[in-house]
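Inspection log for the structure reproduced underneath, given as structure tokens.
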Amino acid sequence: MHDALFQPVSLGAIQCPNRILMAPLTRGRSDPGSVPNALIAEYYRQRAGAGLIISEATGISVEGLGWPAAPGVWSEAQTEGWKLTTEAVHKAGGRIILQLWHMGRLVHPDFLGGQPPVSASATTAPDHAHTPTGRKPYEQARAATLDDIARIVDDYGKAAANAKAAGFDGVQLHGANGYLIDQFIRSSSNLREDDYGGSPENRVRLMREVLERLIDVWGAGRVSIRLSPNGETQGCDDATPAETFGAAAKVLQDLDVGFLELRQPGPDGTFGATEVPKQGAHLRTIYKGPMVLNSDYTAASAAAEVASGVCDAISFGRPYISNPDLAERIRVGAEWAPNVDVPKSWYLPGPAGYTDYPTLAEAAAA
């Protein structure tokens, strides 16, 4: 069933045996110090049947990480911890890339010794942050100086080198969902008047500089990016998304990045639903490389999108929480297991709701 999803595809330099990708999913299972552990390795090993795993968002620095128990990749201990995951996934026949994350203004000062977070401009995100002591309102960020920007680009480069040392197959820049790169890209959160603000070309400058640094480490074919060009997310929005993200797509084309993953709006009532038109078709006229779409797909709708040529692959997020063998379930037409205790179990410590979901074969044998 759904043969279009089971054709091999090249995503830049990464060869994938099918077009069912695992999307990045924050799960909060790291050890103290944001160190990945054996439990995380087992979680990803179970999901190695994906054509490609995109790891959970992973902090590039202390400054950039504001989520309890999320992993990092700035220290030697973190790099060593990630080796457990890459070795387990590769031994199971899979491929995995590391998503690099700086949260910008979404880092609460509690993570920073009371200091304000950094962003494109001195703005404050709406809603509340998850902190080690509970939910707290976000606080105003300070505008990044040019020295800050240079240092952040360096931090991305060091994180990319650590990802390579840890044995990943590539890296993805998290440029979506209202985090730092998105805060620079979108007009509502970037109020700068220097070379990093104003025109769309200026607002994507940081994105370009980071991608160039990642390419220096990995080569263009093993670097990708996730963008979310549709509507407001965590307080970030844009007045002219076609123009803004068209400028971003031109950068991707100029740099020949491996692939673009787009979080597009899902159906009404789902996460990210918006009246802003989908931008994928427009961006594909500018960026000619492989495109991966993510947007609450069913097996049937995913297969239809790939078969029609709208995109080259589909990334599935929440279905992979409770279906470690999602690709096999799609292949044989089996039902998808629902998430248990949603969403509480998504972020709890320990194996419950994490590594205790059975595969079809395991369920049949039980």
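So, of the residues in region 271-301 that are of a type in the set (A, V, I, L, M) and more than 18 Å from Ala337 (Cα to Cα), which turns out to be surrounded by the fewest Cβ atoms within 10 Å (Cβ to Cβ)?
Residues of region 271-301 that are of a type in the set (A, V, I, L, M), as a first pass: 273, 276, 281, 283, 286, 291-293, 299-300.
If we keep only those that are more than 18 Å from Ala337 (Cα to Cα) too, we end up with 273, 276, 281, 283, 286, 291-293.
Numbers: Ala273: 14, Val276: 15, Ala281: 11, Leu283: 22, Ile286: 15, Met291: 21, Val292: 25, Leu293: 22.
My answer is Ala281.
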For Val35, the lone unmet condition from (1) more than 24 Å from Pro290 (Cα to Cα); (2) surrounded by 23 or more Cβ atoms within 10 Å (Cβ to Cβ); (3) among the hydrophobic types (A, V, I, L, M, F, W, C); (4) more than 16 Å from the chain's Cα centre (by Cα) is (2)
Could you tell me which numbered condition Val292 fails, if it satisfies all but one of (1) of a type in the set (A, V, I, L, M, F, W, C); (2) closer than 28 Å to Leu173 by Cα; (3) at pLDDT below 95? (3)
Read through the list (1) closer than 20 Å to Ser301 by Cα; (2) free of Cβ contacts under 8 Å to residues at least 60 places away in the same chain, then give the number of the only condition that Val62 fails. (1)
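Could we say that Ser199 is touching a Cys at 6+ places or on another chain (Cβ under 7 Å) and over 30 Å from Leu52 (Cβ atoms) here? Steps first, please.
Working: touching a Cys at 6+ places or on another chain (Cβ under 7 Å): no; over 30 Å from Leu52 (Cβ atoms): yes.
In short, no.
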Only one of these conditions is not met by Asn230: (1) buried (at least 18 other Cβ atoms within 10 Å of the Cβ); (2) over 17 Å from Asp312 (Cβ atoms); (3) at pLDDT 95 or above. Which number is it? (3)
Taking into account only those residues within region 59-83 that are touching a Pro at 6+ places or on another chain (Cβ under 7 Å) and part of a helix (DSSP H, G or I), which is surrounded by the most Cβ atoms within 10 Å (Cβ to Cβ)? Trp82
Restricting attention to region 125-147, report how many residues are under 23 Å from the mean Cα position of the chain (by Cα), touching a residue at least 12 places away in the same chain (Cβ under 8 Å) and surrounded by fewer than 17 Cβ atoms within 10 Å (Cβ to Cβ). 4
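Here is a yes/no grid of residues against (1) within 21 Å of Gln15 (Cβ to Cβ); (2) under 21 Å from the mean Cα position of the chain (by Cα); (3) assigned to a loop (DSSP other than H, G, I, E, B); (4) at pLDDT 95 or above:
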{"site": "Tyr287", "(1), (2), (3), (4)": "yes, yes, yes, yes"}
{"site": "Ala303", "(1), (2), (3), (4)": "yes, no, no, yes"}
{"site": "Val306", "(1), (2), (3), (4)": "yes, yes, no, yes"}
{"site": "Cys311", "(1), (2), (3), (4)": "yes, yes, yes, yes"}
{"site": "Ala327", "(1), (2), (3), (4)": "yes, yes, no, yes"}
{"site": "Asp341", "(1), (2), (3), (4)": "no, no, yes, no"}
{"site": "Thr355", "(1), (2), (3), (4)": "no, yes, yes, yes"}
{"site": "Ala363", "(1), (2), (3), (4)": "no, no, no, no"}
Verdict on Gln115 being in contact with a helix residue (DSSP H, G or I) (Cβ under 7 Å, 6 or more places away or on another chain) and not hydrophobic (A, V, I, L, M, F, W, C): yes
Members of region 148-203 found to be in a helix (DSSP H, G or I) and free of Cβ contacts under 8 Å to residues at least 24 places away in the same chain, listed by number: Ala150, Arg151, Asn202
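The values are calculated or read from the model by the stated rules, or taken from the named source; none is laboratory data. Predicted, not measured: the structure shown is a model, and the values here were computed from it. Positions of Cβ are generated from backbone atoms using ideal geometry, with glycine treated the same way; all protein chains shown enter the neighbour counts.
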